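Reviewing the structure listed below.
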């Protein structure tokens, strides 16, 4: 039995009268005022007595990108994990298109495409089989999309390779490719520039700009100032 | 914003597709699978039959002299069942018990595919495993002759149903539907944190019951459980198990990624530890998770040594190391609680099976002390740490044996009345237990470069076996000596 899951289609930038976004006590560059896709209020997360995040407020609008920057251990990945519903915050709320982000909701899983620190691979599936499986599971019947993404990420020659034979850069590209073979409303990327060569980084910046143009909201953590400057409309500085 | 409806495949369809694609790359033949099954069945049949014979011949509990003794035994077995259930609960919750591998979560369960449908087969396996484990325990209880006169089939059915119900209950606990963070597992719990409340309560109540029975028996009061026909118990357990399984089935859709991936790391580590015969792979992950839950501690300077100690570099160094080890114990209160709880075991055993009290005391003493050897384990395993700390290896190891040694001495003296005497062999046995703890804690990462020997069971590496049983070998000898001297 197949089920129909309504996926909010990505839309172009739209005006909104919402107030300042991306607020954080440490200071942030406010984003453009666009229709909110992701809304975080008062988010807090701690491990034992160790508080990693506290009082985080953030909005990411459709067609905009917000970069989370900060030193190691400042909570960037934890924030992204909470935003993607992979981790549960101890305080505050995370909303996607006005609804609480609940990872058990198929609509949330259909809307958020994320590459965090948890991408793993089936050892016995090839590159193209991974992507086709994901596209199939998202109801994406068009195999042309997979071929296009393979070509765009320079993975055509590796399409039949098993993950164990891929370089770390190729694995990174495969993980990134998984975001683009499926419908998406919000992209959550944790240091997407990692292990990419110069050409790969240039492609990534261009791709993220294209995603924004298509109306997709982007939330990324990065240590690459050039990527942040090229892509982001707002910055959230953690741990300063 | 527009909404587009996407046709998402059913979980079963996706599972079939995944299985088909993966099987296309495997070179395992049907004959190979059947051979493995045959070998497994043969092993279970041969060793199972031998185990049944040994248990019936040597481990069968002696017949009770009176109804009062029978009541005490039943009450103690009930306490043991509670402790077993609590430990089973904690183990299951550490793993999930439902969990997804990283690949499974990202490429399949992380898609809009029906979550409940994806997890349904896994729930079936968990309940089946619980029922199997329960049935095995029930069978063992029946074999040792402690089924209180009821039919062994009734005992097995009751235990199987209880095991299945417990397994389903752990899934219900895992779902933690709609609860705020504080209620889910305590403030600051990390994703998939071990929820130990129920397990700890069951173990605690079990030990409290055993303690009460022992105290009452010592005072001349012989408690007993109400005589309920075993098939009534089986019926009630089956009903409860069915209700728990149905509830778990309904809640499958509420299991989120955080709940499903928490145990994956532990399960992967357990698998690797078993495959590579490296127990440290598992214990390292358990330690990591333990300290991650603690998160932050209050750092304080170590106490100044007295003048006599401070005058000698060797003693001053030892003083600081012992202080550090004491602080380590302070930050692991569960080890101290387990140490105290295990005091009950020899006293309970002497009421259940007096002949087994001496060796059981040895094993319990080992378990109580071994948990206090975390510092010793760390120092023994890390040459880099030893170099950093300075001093001789003997000093470092000796310093980390002080706390476990004193704890064992107290434990051993506190359980001496069990045997009703304090013979000359007592200090030797205690030293033997401490030596077993030391050997266990000083186990190095498994080395695979030993010579292989062709045996009737296939190629074996004796060196591999000696590495694996390090610690347990001495324990077995000490237990045997204690049994002979009882």
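Say whether the condition of being in a loop (DSSP other than H, G, I, E, B), at pLDDT below 90, buried (at least 20 other Cβ atoms within 10 Å of the Cβ) and within 14 Å of chain A (Cβ to nearest Cβ) is met by at least one residue in the range B:91-102. Yes: the range B:91-102 contains one or more residues that are in a loop (DSSP other than H, G, I, E, B), at pLDDT below 90, buried (at least 20 other Cβ atoms within 10 Å of the Cβ) and within 14 Å of chain A (Cβ to nearest Cβ). Pairs linking a residue in the range B:376-390 that is not assigned by TED's automatic domain parsing to the domain that holds residue B:440 to a residue that is assigned to a helix (DSSP H, G or I) and surrounded by fewer than 18 Cβ atoms within 10 Å (Cβ to Cβ), with Cβ atoms under 6 Å and 6 or more positions apart or on different chains, do not occur. The residues in the range A:66-100 that are under 27 Å from residue A:138 (Cβ atoms), assigned to a loop (DSSP other than H, G, I, E, B) and more than 10 Å from every other protein chain (Cβ to nearest Cβ) can be counted, and the count is 1.
Is it true that some residue in the range A:116-129 is in contact with a strand residue (DSSP E or B) (Cβ under 8 Å, 6 or more places away or on another chain) and modelled with pLDDT of 90 or more? Yes; the residues of the range A:116-129 include at least one that is in contact with a strand residue (DSSP E or B) (Cβ under 8 Å, 6 or more places away or on another chain) and modelled with pLDDT of 90 or more.
Is it true that residue A:107 is more than 12 Å from chain B (Cβ to nearest Cβ) and under 24 Å from residue B:258 (Cβ atoms)? No; evaluated as a whole, the condition is false for this residue.
Among the residues of the range B:452-471, the ones that are part of a helix (DSSP H, G or I) and surrounded by 15 or more Cβ atoms within 10 Å (Cβ to Cβ) come to 4 in all.
Among the numbered conditions (1) surrounded by 13 or more Cβ atoms within 10 Å (Cβ to Cβ); (2) assigned to a helix (DSSP H, G or I); (3) away from chain A (no Cβ under 11 Å); (4) modelled with pLDDT under 90, the only one that residue B:86 does not meet is (4).
For the range A:143-166, name all the residues that are in a helix (DSSP H, G or I) and touching a residue at least 24 places away in the same chain (Cβ under 8 Å).
Step one: list which residues in the range A:143-166 are in a helix (DSSP H, G or I), which gives A:143-152, A:156-158, A:163-165.
Once the filter is applied, which keeps residues that are in a helix (DSSP H, G or I) and touching a residue at least 24 places away in the same chain (Cβ under 8 Å), the range A:143-166 yields A:145, A:146, A:149, A:150, A:152, A:158, A:163, A:164.
Among residues that are in contact with a helix residue (DSSP H, G or I) (Cβ under 8 Å, 6 or more places away or on another chain) and part of a loop (DSSP other than H, G, I, E, B), residue B:372 is included.
The single residue among B:413, B:341 that is within 25 Å of the chain's Cα centre (by Cα) and farther than 24 Å from residue B:284 by Cα turns out to be B:341.
Only one of the numbered conditions (1) under 16 Å from residue B:415 (Cα atoms); (2) at pLDDT below 95 is not met by residue B:365, and that is (2). Residue B:323 fulfils the conditions (1) under 20 Å from residue B:397 (Cα atoms); (2) outside the structural domain of residue B:405 (by TED's automatic domain parsing) except for a single criterion, (2).
Residue by residue, here is whether (1) more than 30 Å from residue B:254 (Cα to Cα); (2) outside the structural domain of residue B:116 (by TED's automatic domain parsing) holds:
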| position | (1), (2) |
| --- | --- |
| B:8 | no, yes |
| B:44 | yes, yes |
| B:71 | yes, no |
| B:91 | no, no |
| B:101 | no, no |
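Only one of the listed residues (B:53, B:13, B:2) is at pLDDT below 85 and within 14 Å of another protein chain (Cβ to nearest Cβ). That residue is B:2. Per the conditions (1) within 14 Å of another protein chain (Cβ to nearest Cβ); (2) out of contact with any strand residue (DSSP E or B) (no Cβ under 7 Å at 6 or more places or on another chain); (3) outside any helix (DSSP H, G or I), the sole criterion not satisfied by residue A:182 is (2).
The values are calculated or read from the model by the stated rules, or taken from the named source; none is laboratory data. These numbers were taken from a predicted model, which means no experiment stands behind them. Ideal geometry is used to build each Cβ from the backbone, glycine not excepted, and the neighbour counts take in all protein chains shown.
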